[in-house]
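The values are calculated or read from the model by the stated rules, or taken from the named source; none is laboratory data. These numbers were taken from a predicted model, which means no experiment stands behind them. All Cβ positions, even for glycine, are placed from backbone atoms using ideal geometry, and neighbour counts span all protein chains on display. Heads up: the accessible areas ignore ligands, DNA and RNA and are worked out on the full protein's heavy atoms, side chains in. Shrake-Rupley method; radii C 1.70, N 1.55, O 1.52, S 1.80 Å.
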Amino acid sequence: MQSRPLVGVIACRRMVEGHPSHMVTDKYLSALREYGLEPVILPVWEDLDASAAGALLDRLDGLVLTGSYTNVLPARYGAERAPENTREDVDRDAAAMAWMPLALERAMPLLGICRGFQEFNVAFGGTLYQAVQNVPGKLDHREPEGEKEQQYAPVHSIDIHPGGRLAELFAAPQAEVNSLHQQGVDQLGKGLRVEATAPDGLVEAISVADARSFTLAVQWHPEWKPREHPLYDAIFRGFAAACGEKMAAAA
Ligand SMILES: N[C@@H](CCC(=O)NCCCC(=O)O)C(=O)O
């Protein structure tokens, strides 16, 4: 039986039925399975052991940093908390910031989505807007009221920057994406490449400029029905191919 690439998916700490839990919503996991990958939920603790984390990543063929309704702690990028910033997950922060350099050292394919995109930027020394809607000249990037189908529907275009990873995956210069975020990239982290921008200039996709493997982080949600959106489909195809190559190289 042909094994499938093992892809770690970072969890979020949430209370479930009154118990502290480690949680990933199904759409991330189902999207990975849809593209021939085997998702493994990775629990997160603030007091993680870096050497154990390295040993864990050695057994994986890729890593996904998912979205979350919580935010990266502003202190991690030297900011005061804005009044609009009401939710945090320090365990998730600690794991994401520890795992990213370890994954890059191992040339592991890395995919960041929404909060995961923001974690990329902070991990590389960048900063975040905490309430993009209050930034002069910026759009309101928060999800509309309504059912999930409406909230995850495409709402604005992105300009895909030529010559990067995203342009390599998807030939068209523009696409429509969904938008479910209040935070966004302010100062770009050092060593990151801008892969796409929104009509208001907000950075919407980044990659690690000198990465030895597939690295891509996007502010939108490509895990939402990827087969129905050619850009989302291209992202998962590219990530899955990279994870397959990683698995083959380790064989
Ligand atoms: N909290 C951050 C990031 C937004 C985000 O990741 N939303 C995800 C919604 C739930 C999901 O689809 O996983 C911000 O507000 O910018």
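Values for this structure:
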quantity	calculated
Options ALA242, ALA175, ALA234: the member that is part of a strand (DSSP E or B), touching a residue at least 12 places away in the same chain (Cβ under 8 Å) and open to solvent by less than 20 Å² (accessible area, probe 1.4 Å)	ALA175
Selection within the range 52-74 - within 16 Å of the ligand (Cβ to nearest atom) and either small (Gly, Ala, Ser) or within 28 Å of ALA250 (Cα to Cα) (or both)	VAL64, LEU65, THR66, GLY67, SER68
Hey, ALA11 hydrophobic (A, V, I, L, M, F, W, C) and closer than 27 Å to LYS225 by Cβ or not	yes
Selection status of ASP200, closer than 22 Å to LEU128 by Cβ, out of contact with any Asp or Glu (no Cβ under 9 Å at 6 or more places or on another chain), within 13 Å of the ligand (Cβ to nearest atom) and open to solvent by 20 Å² or more (accessible area, probe 1.4 Å)	no
Selection within the range 179-209 - out of contact with any Leu (no Cβ under 9 Å at 6 or more places or on another chain) and not hydroxyl-bearing (Ser, Thr, Tyr)	LEU180, HIS181, GLN182, LEU188, GLY189, LYS190, GLY191, LEU192, ARG193, GLY201, GLU204
Of all residues in the range 140-166 being in a helix (DSSP H, G or I) and open to solvent by less than 30 Å² (accessible area, probe 1.4 Å), the one that is nearest to GLU223 (Cα to Cα)	GLN151
Cβ-Cβ under 7 Å pairs, at least 6 apart or on other chains, the range 88-103 side surrounded by fewer than 22 Cβ atoms within 10 Å (Cβ to Cβ), far side of a type in the set (Ser, Thr, Tyr)	GLU88/THR70
Qualifying residue in the range 181-188 (condition: farther than 20 Å from ILE235 by Cβ, within 13 Å of the ligand (Cβ to nearest atom) and open to solvent by 20 Å² or more (accessible area, probe 1.4 Å))	yes
